[in-house]
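Data block below; observations after.
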Amino acid sequence: MKNFALMGAAGYIAPRHLKAIKETNNRLVAAFDPNDSVGIIDSYFPEAHFFTEFERFDRHLEKLRIEENTNSIDYVSICTPNYLHDAHIRFALRNEADAICEKPLVLNPWNAEKLIKLEEQYSNKINTILQLRLHPSIIALKHKIDQAPKDKVYDIDLTYITSRGNWYYASWKSFIEKSGGICSNIGIHFFDMLIWIFGDVKNSTVHVMEHDRASGVLQLQHANIRWFLSINSETLPEKIKQSGQRTFRTITINDEELEFSSGFTDLHTESYQKIIDGKGFTVNESLKSIQLAHQLRHAKVSSLSEDYHPFAKLPLSSHPFN
């Protein structure tokens, strides 16, 4: 049984980590969050120590480490705001624990490169959550693409709309310097998955980069991709709006839809088991998607000269989103 500490216990994603720790038959020893709305812990680890002050949390973990008792921390799970990931990963390493960090691992490529060097100085590992790589439909797609002729290029449309309320714009997520913007905060899993399956980035054009939506055309070694990301419910297709759904996710490959609507949120336990088995996703494996998200965030926007409907079918030389 391994001992875990959790940072960001009041966050949206924390319950999936709590569930994963429990379902892999491990235990949470300590948790930290400046906010104290963490009653969810009672459903999993009511005996865990909880801190709202980082200094006390730091002191507690150091005490456990120095005393070398059965409560010393093996893993620090990081569910904090994106801009703090880098510092909290370093904190885990200094406490002689492996890090398990939510996406995006970091916001800037140079932060990731420094973490790779830091990891070499410690005997502990940095792991990140890339759960789409564990989805059965995605694994099957990768196998199919790997078996295809090496010169084949696919036409792909990616649309991901996950509606957010007004609270979002008052939170850290609305500040690009803290969240990395919509490409890092919403799109990073999809960019990682596409690069993993279809190869490295060859070229990229951004047509829209706003606080609530982004779109562009991405050329990979084996795919030309039109992508659209949004947190604004007004961008949902009319049929989806009428159904009351607030999320719309679709990927079509050569006009054939990839079905992976179920199981998308249930892969943290499998992620944790692989990490515990020494098979977690490393900093190096997440670096390419971090580089792409950073590039998109700082790219010059190339305006479209015509009015396009968001779901029109157009050649990949242009882009369907306005």
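Read-outs throughout are calculated quantities, based only on the coordinates presented, and are distinct from any laboratory measurement. On a predicted model such as this, the values are computed, not experimentally measured, just so you know. All Cβ positions, glycine included, derive from the backbone under ideal geometry; neighbour counts span all protein chains shown.
How much length is gained on full extension from Lys22 to Tyr169, taking 0.36 nm per residue of separation minus their Cα-Cα distance? Can you show the working numbers first?
Values: separation 147, 0.36 × 147 = 52.92 nm, distance 3.28 nm.
Using 0.36 nm per residue and subtracting the Cα-Cα distance, I get 49.6 nm.
Between Lys300 and Met1, what FRET efficiency follows from the Cβ-Cβ distance if R0 is 41 Å, with the result rounded to 0.05?
0.20
Give me, ordered by chain and number, the residues 5 or more places off Arg27 or on other chains with an amide H under 5 Å from its own placed amide H.
The list, which skips near neighbours in sequence, is Lys2, Phe4.
Who wins for biggest fluctuation among Ala140, Ala30, Ala99 in a Gaussian network model of the chain, springs between alpha carbons below 10 Å?
Ala140
In nanometres, what is the gap between the two model label sites at Ile40 and Lys150, each 7 Å from Cα along Cα-to-Cβ?
4.6
Size of the dipole of region 3-128 about the Cα centre, Lys and Arg at +1 and Asp and Glu at -1 on the beta carbon, nothing else charged, in debye to 20? Don't jump to the answer; show the numbers that get you there.
Working: 14 positive and 19 negative charges, 47 e Å.
Around 220 debye, computed over region 3-128.
DSSP loop trypsin sites (Lys or Arg not before Pro) in region 140-231 with at most 14 other Cβ atoms within 10 Å of their Cβ, which ones? Show your work: numbers first, answer last.
Numbers: sites: Lys142, Lys144, Lys150, Lys152, Arg164, Lys173, Lys178, Lys202, Arg213, Arg226; in loops: Lys150, Lys152, Arg164.
Filter output for region 140-231: Lys150, Lys152.
Tally Lys/Arg at +1 and Asp/Glu at -1 over every other residue whose Cβ is under 14 Å from the Cβ of Gly216; what's the total?
Residues close to Gly216 contribute a combined charge of +3.
Neighbour counts of other C-beta atoms within 10 Å: give me Asp98, Asp200 arranged from fewest to most.
Asp200, Asp98
Quick one: among Ser243, Ser137, Ser303, which has the greatest mean-square fluctuation in a GNM of the chain with alpha-carbon springs under 10 angstrom?
Largest GNM mean-square fluctuation: Ser243.
In region 54-130, which GluC sites (Glu not before Pro) fall in coil by DSSP and have 15 or fewer other Cβ atoms within 10 Å?
Hits after loop and neighbour filter: Glu68, Glu96.
Can you tell me the length gained on complete extension of the stretch Glu62 to Glu113, counting 0.36 nm per residue apart and subtracting the Cα distance?
15.7 nm
Which far-off residues, 5 or more places away or on another chain, put their amide H under 5 Å from the one on Tyr154, with H placed in the peptide plane?
Amide H neighbours of Tyr154, under 5 Å, 5+ apart: Ala223, Asn224.
Lys and Arg at +1, Asp and Glu at -1: add these up for the other residues within a Cβ distance under 13 Å of Phe91 and post the number.
Values: positive: Arg59, Arg65, Arg90, Arg94; negative: Glu55, Asp58, Glu62, Asp86, Glu96, Asp98.
Net charge around Phe91: -2.
In whole Hz, with x marking every Gly and Pro, tabulate ³J(HN,Hα) for region 168-182 from phi via Karplus 6.51 cos²θ - 1.76 cosθ + 1.60, θ = phi - 60°.
Per-residue couplings from phi come out as 4, 7, 9, 9, 4, 5, 7, 9, 4, 6, 9, 9, x, x, 5 Hz.
Normalised by the empirical 2.2 N^0.38 Å for globular proteins, what value does the Cα Rg of the chain take?
That works out to 1.03 for the chain.
Report the chymotrypsin sites (Phe, Trp or Tyr not before Pro) located in region 7-112 that are in a DSSP loop and have at most 14 other Cβ atoms inside 10 Å of their Cβ, or state none.
Tyr12
Applying 1/(1 + (r/R0)^6) with R0 = 25 Å to the Cβ-Cβ distance of Thr52 and Asp74, what FRET efficiency is obtained, to the nearest 0.05?
Approximately 0.60, to the nearest 0.05.
Rank these for me by crowding, Met193, Met1, going from fewest to most other beta carbons within 10 Å. Before the final figure, lay out the partial values.
On the way: Met193 22, Met1 8.
Going from least to most buried by this count: Met1, Met193.
What does a probe at Thr252 reach in region 140-173, counting residues whose amide N is under 14 Å from the point 7 Å along Cα→Cβ?
155-160
Can you list the residues, at least 5 places off or on another chain, whose amide H is less than 5 Å from the amide H of Leu220, using H built in the peptide plane?
Lys202, Ile225
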